[in-house]
Amino acid sequence: MSDPRLSLSEHLSDRTAAMDPWYAGGVAALLTRLAEVAAAIEGELAHAALRDRLGYAGDINLSGDQVKKLDRWGHEIVLSALRGTGACAALVSEESPEPIELREGIGPRGIVVCCDPVDGSSNLDVNGTVGTIFSFRPSHGQDPAGPAALGAGTEQLAAGYVMYGPACVLVYTVGDGTHGFTLDRGRREFLLTHPDIRVPRRGKTYGINEGNFHSWHPGQRALVEHLRTPDKASGRPYSLRYSGAMAADVHRTLLDGGLFMYPADMSDPAKPRPKLRLLYEVAPVAFLAEQAGGRASTGTERVLDLRAKDYHERAAIIVGSADDVALAEEFHRSHSTR
Ligand code: AFP
C-alpha cells in the first residue's frame, strides 16, 4: 500500500496560492530540482569513502577554506541541475567568488539561487552530519541577475535546508509556514513528515562554538553564563548541543526550541568579525525560523532586515525560540559596549 503522505511536489502545488504568482512556477521547479539534487548528494555521502570522495580537492575558496572534494562535487551538481530548469537566472554559491549567470534563466521571471551546496565540510571526513542550505530571490528581470541577490532578507521568495543525517530531511518555506520532509530512500522521494513546524517559545538547549568564548561580545558571554546557571524556575541550565553543521543545529532548534548562535568575533570591538555567510546561511535560516514562529537576530537587529553589500558577506546570528532570542537581545543591550 503506497504511503498516504504528501510528496514535496504535491505539497508545493498546495502552496502556490501563497506564493508571488509571478515567480510561483519557477520556485516550484527549482525546489523540485534541488530535492532531486539532495537525494543524489545523500547517496554520494553514503558511499564517499568507497568512491575516494573524501579529503581535499586541492584548492582554496574565497573564504580561505581548503575546498573538500565533496564541496566541489556538490557545487557542480547543484549548478548543472539549476541550468536545466530555465528558471534560475544566476547562482550565488559558497564555492564561486562571483555569481554564475545562467542565460537561459535571465528574464522577467528569473530567480537568483543562493546556495551552500555542502555545509559543514569539516564534518565530511569524520562521517558527521552535513547539510545544503539555499535561498531564492527575485531577479526583477535584471541582467546580469546576480546583483539582485543583494537585497534585504525579507525579499526572499523561498528558503530551505537539507540535513544529511540518519534520515535525510528537507525543510523549506515559501512564506506560508515551514514544512519538513523525509527522503523515502526506496522511492527516492521526499514525503511530508513535519507539516507546519512551530518553534516552542522557549527551549532547553543552546548551540554555539564555546571555543570562541573569549572573542565574544560581553553580552554574549553573560547570556551563555546565564544559560549555564542552574535555576529550576526558568528551566536552567540549558544543555549545550553543537554539531558543527548549521543545518543540523538549526533543525534541532526549530523542532525542540532553544537557541543556535554564531556571534561575531569581537576581539577588536571596532571590527566585529562574523563567520557565517548572510546570503546562503544566515538569511535563509532566519526566513525559515520566522515562518515557524521563531525569531532570528544579530543580537541587535532582525536578521531579515539586513542588506548584503557583497555576495559572501558574513553576519552574526542568534536564532530559535522567540523568548530565548528576546532574552539574548536583552543581554546584548544591557552589556552594550557603545
Ligand atoms: P564549514 O562548511 O566550513 O565546515 O563551516 C560550517 C559552518 O559554516 C556552519 O555550518 C557551522 O555552523 C559553522 O560553520 C561551524 O563553524 P566552527 O567550525 O567555527 O564552529
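Scanning segment 94-118 for residues that are of a type outside the set (Asp, Glu) and either within 11 Å of the ligand (Cβ to nearest atom) or within 17 Å of GLU42 (Cα to Cα) (or both) yields CYS115, PRO117, VAL118.
Scanning segment 1-47 for residues that are among the hydroxyl-bearing types (Ser, Thr, Tyr) and either closer than 22 Å to MET163 by Cα or in a helix (DSSP H, G or I) (or both) returns SER7, SER9, SER13, THR16, TYR23, THR32. Put simply, of VAL78, VAL67 the only residue that is at pLDDT below 95, β-branched (Val, Ile, Thr) and either more than 11 Å from the ligand (Cβ to nearest atom) or not in a loop (DSSP other than H, G, I, E, B) (or both) is VAL67.
When we screen SER96, SER122, SER80 for residues that are within 20 Å of the chain's Cα centre (by Cα) and more than 16 Å from TYR164 (Cα to Cα), the only hit is SER96.
Results for (1) within 16 Å of the ligand (Cβ to nearest atom); (2) β-branched (Val, Ile, Thr), shown as yes or no for each residue.
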residue: THR85; (1), (2): no, yes
residue: ALA89; (1), (2): no, no
residue: VAL92; (1), (2): yes, yes
residue: GLY120; (1), (2): yes, no
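Checked against the criterion of being among the hydrophobic types (A, V, I, L, M, F, W, C) and surrounded by fewer than 18 Cβ atoms within 10 Å (Cβ to Cβ), the candidates ALA145, ALA149, ALA167 yield just one match: ALA167.
Within segment 185-202, the set of residues being out of contact with any Asp or Glu (no Cβ under 6 Å at 6 or more places or on another chain), under 23 Å from ALA292 (Cβ atoms) and part of a loop (DSSP other than H, G, I, E, B) comprises PRO195, ASP196, ILE197, ARG198, VAL199, PRO200. Taking the criterion of being surrounded by fewer than 17 Cβ atoms within 10 Å (Cβ to Cβ), under 22 Å from MET163 (Cβ atoms) and of a type in the set (Ser, Thr, Tyr), the only residue of segment 187-229 that qualifies is THR193. Among the residues of segment 145-165, the ones that are in a loop (DSSP other than H, G, I, E, B) and within 21 Å of PRO117 (Cβ to Cβ) come to 4 in all.
The values are calculated or read from the model by the stated rules, or taken from the named source; none is laboratory data. Here the structure is a predicted model, which is why all the values come from computation and not from measurement. Ideal geometry is used to build each Cβ from the backbone, glycine not excepted, and the neighbour counts take in all protein chains shown.
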